[in-house]
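Take a look at the structure set out below.
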Amino acid sequence: MALLFTNIRIRIILCSALLIVLLGFGAKYSGHDYSAYFPGRIRQQSAVILILLSPSRITQTLVALQNVEDRFNRRLKYPIVLFTAEDEVQFITDEVRVKVRWITEGRATFGACLR
């Protein structure tokens, strides 16, 4: 009985290893770019994340920014630009800027747009 379970375990391990190898070759030849999943490789940024920041919704924006960073941007490391209206720039305090830079690990910049 123990020999039967040992044979089954060996077969499962061999099939799993074969599946991993086949999936690796399939990803290589499928034409998809998986370089974002391999942090050792250097690639240029091909996008930027733009956020329109309203002073009345700073807290919600920070929560949304944290979610985007946790679920998407930690791996890809796209730069983030937060825009606010030119007459509302004074409402974006240094405390908010420090929080945004901490969330994004310094990849965020602020910009003002005309109304």
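Placing dummy labels 7 Å off each Cα toward the beta-carbon, the span from THR59 to ILE12 is 4.9 nm. Each listed q (0.22 Å⁻¹) maps to a log10 I(q)/I(0) for the range 40-113 from the Debye sum over equal C-alpha point scatterers, namely -0.98. Here the range 40-113 is assigned +1 on the Cβ of each Lys and Arg and -1 on the Cβ of each Asp and Glu. Its dipole about the Cα centre then comes out at about 620 debye.
Could you compute the net charge surrounding GLU105? Neighbours are other residues with a C-beta less than 9 Å from the C-beta of GLU105; K and R count +1, D and E count -1. Can you show the working numbers first?
On the way: positive: ARG74, LYS77, ARG101, ARG107; negative: GLU69.
Net local charge, GLU105 excluded: +3.
Remark on ARG107: its backbone amide H falls under 5 Å from none of the residues 5 or more positions apart or on other chains, H modelled at 1.01 Å from N. For the pair VAL81 and GLN66, the difference between a 0.36 nm per residue extended length and the Cα-Cα distance amounts to 4.0 nm.
FYI, it's all coordinate maths here, none of it is from the lab. Nothing here was measured: the structure is a model prediction, and the numbers come from that model. Backbone-built Cβ (ideal geometry, glycine too); neighbour counts: all protein chains shown.
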